[in-house]
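Contents: one structure, followed by commentary.
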Amino acid sequence: MKRSHGIFVRWTEMFGRVGVFATVLGVACLAGMFAIRSRAAAEEHASSQVAEVVELKLNGEVEPILATYIEEGLANAAQRHAALVLITMDTPGGLSDSMKNIIQHILASPVPVAVYVEPTGARGASAGFYILLSADIAAMAPGTHAGAASPVIMIGGFAQQIDETFRKKINNDAMAFLRSFTERRGRNPALAETAITEAKAFTEKEALENKMIDLVASSREDLLRQLNGRSITRFDGSKVTLALEHPTFVPFELSARQKFLARIVEPDAFFILLLIGVLGLYTEFTHPGVVAPGVFGGICAVLALYAMHLLPVNYAGLFLILLALGFFILEAKFTSHGVLALGGILSMLLGAMFLVRSPLTNGGVSLGIAVAATLPFAVLTVFLMRLVLRSRKWKAATGMEELIGQQGIAVSALRAGVEGMIRIHGELWGAVSSQEAPEGAPVRVMRIEGLKLYVEPAQSPAVSHS
C-alpha cells in the first residue's frame, strides 16, 4: 500500500513538472508568434508610410502671381504634413518685391524646402539665385547654371549707367540681404556676393565645389535618393532628418485663374492693356454710340488697374503716358509741324520704360513692345481727334437742324416780320421772312426757333442771324 502511494506521488510530481514545462513552452511560443506578427505589422506599416513631396514649379519671370502660387503651395504642404517641398526652377529673374516675398515664405516654412534648378540647360539667374540659396537644400542638375545677380537699373531692357554712390548703396543692400540667409544656411556668402559685385555666374560643379549648393542630382528621383536619411539644419537652428525612402510626388499646379492673372501682371502685357483701355475709352468718349471700343476699353482698363495694384508701378511713368495722350490730342488741334506728336511719342516711350520699377532684378516693359505699341497708339489718337474736330464743321444730316440752308417755296406772299407759310421737303412750316417775298418765290432757311423758321429770299445773299 505504501509502495503504491509512493509510486503515485512520484508520477504526480513528474506530471506536474511536465505541465509546468509545457506551460512555459506554450507561453514562449505564443510570445514569439506575437513578436513575429508585431514585427511584420510594423514592417508592413513602415512600407505603407509613403513620404509626400509637394512639387512646385518656378518657371519664367518671378512676378506677383508666381509669388502667391509659391506661398499657397508651401501652405498646402504644411497642411498635408508633407516630408518635403520641392521647387523646380528655371528662371531668368524677375521683380525684387516678388523675390523677397518668396524667400520670406521659404525661410518661414514648417516643411523643409529644396530648390532644384532643372532640367539640363536651365538657370537660376538674378532673382532665382537668391531664391536658390535661401532653401534648406539647394540643388542643381548637370548642365545648369546660376548667378549673375547684380542689381541693375533697366530702361526698356537696357542697363543704365548710374551714380557710383547710388550703385554702392544698391549693391550693399543686395549683399546684406543675401548674407542674411546664406550665412545661416552654412553656405559661402563671400563667393555668393561676387554674383552681385561682379555679376558672376556659376555652373553646377563650381557651385557645389564652393559650397554654395548642397547637391548635384541628375533627376528628381536621384535628388530624393541622395536626401533620404540626410540630416539638415533648418533656418531656425533645429535639426531634421529627412525620411524619403518611399517618396510620392504631389504636384501643386497654378490654378486657371492664376495662369490667366500671371499673363496680366507681366510688365509688357500690363503696358498693352493700359494703352488699349485708354484708347478704347477715348474712342467711346469722342464717338458716342460706337459701344464696342468702350466695352473692350473698359475691360482692359480694369485689368490694367488690377495689375497696377500688384506690380511696383512708378507713377512718373504713368504720368508720362497720360502726358503723351495730351500731346497727341493737341497735335490734332494745332499745327505744330509734328513737334507735339514727336513729344508725345518720346513721352510715351519714356513712360513705358519707367512704368515698372525693380531695383534689384531685371523687370520692366521691353523696348520692342514699347515702340510697337506707342506708334500705332499715336497714329490712332491723332486720327480720331481730327475726325472729331472735322465733324464739328459738318452740316447736320438729321433732325430739324438739317433744314438750315435749305430752300423752300412761299405758299403765300410773305411780308417782312410777319409770319406766313412756306413749303419745304413737301411739308408746310410757319415762317417769318426778313424781307418781303411774293407767293411762289424761293426762300432760304437761316435759323430755327422751336417750330418757326426764319427765312429770307433765296436771291439775296445768305447772312446768318444765329
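The values are calculated or read from the model by the stated rules, or taken from the named source; none is laboratory data. Note that the structure is a prediction, hence the values are computed from the model and not measured. FYI the Cβ positions are ideal-geometry reconstructions off the backbone, even for glycines, and counts take in every protein chain you see. Accessible surface is based on the protein model in full, side chains and every heavy atom, while ligands, DNA and RNA are left aside. Shrake-Rupley method; radii C 1.70, N 1.55, O 1.52, S 1.80 Å.
Before moving on, here are some points about what is shown:
- Translational diffusion coefficient (Stokes-Einstein; Kirkwood radius from C-alpha pairs) of segment 219-283 at 25 °C, 0.890 mPa s, in µm²/s: 149
- Using the average count of surrounding beta-carbon atoms within 10 Å as a protection proxy, the listed peptides 279-286, 333-340 rank, highest first, as 279-286, 333-340.
- If you take the Cα centroid of segment 96-113 and the Cα centroid of segment 402-422, the two points sit 85 Å apart.
- Modelled FRET efficiency - R0 45 Å, residue 79 with residue 316, Cβ distances, 0.05 increments: 0.60
- Per residue, in Å², the accessible surface of segment 300-353 once ligands and nucleic acids are set aside, probe 1.4 Å: 50
- Charge dipole of segment 191-270 (Cα centre as origin; +1 on each Lys and Arg Cβ, -1 on each Asp and Glu Cβ, all else neutral): 280 debye, rounded to the nearest 20.
- Taking all protein chains together, 272, 87 sort by accessible area into 272, 87, largest first [probe 1.4 Å].
- Accessible area per residue (1.4 Å probe, heavy atoms of protein chains only) ranks 354, 377 as 354, 377, with the largest value leading.
- Global form of segment 163-239, assessed from the alpha-carbon gyration tensor, a/c cut-off 1.5: oblate
- Three-way shape call for segment 81-126 based on the alpha-carbon gyration tensor, with the a/c threshold at 1.5: oblate
- Accessible-area rank, largest first, for 89, 353: 353, 89, with all protein chains present and a 1.4 angstrom probe.
- Extension gain, residue 183 back to residue 233 (0.36 nm per residue minus Cα-Cα distance, nm): 16.8 nm
- Formal net charge of residues neighbouring residue 182 (Cβ-Cβ distance under 13 Å; K, R +1; D, E -1): +1
- Overall form of segment 80-233 per C-alpha gyration tensor (a/c, 1.5; a/b vs b/c): prolate
- Extension gain for the segment residue 211 to residue 379, taken as residue separation times 0.36 nm less the Cα-Cα distance, is 54.8 nm to one decimal.
- Members of 100/239; 100/200; 169/259; 57/168; 169/211 lying beyond 29 Å, as alpha-carbon distances in this model show: 169/259; 57/168
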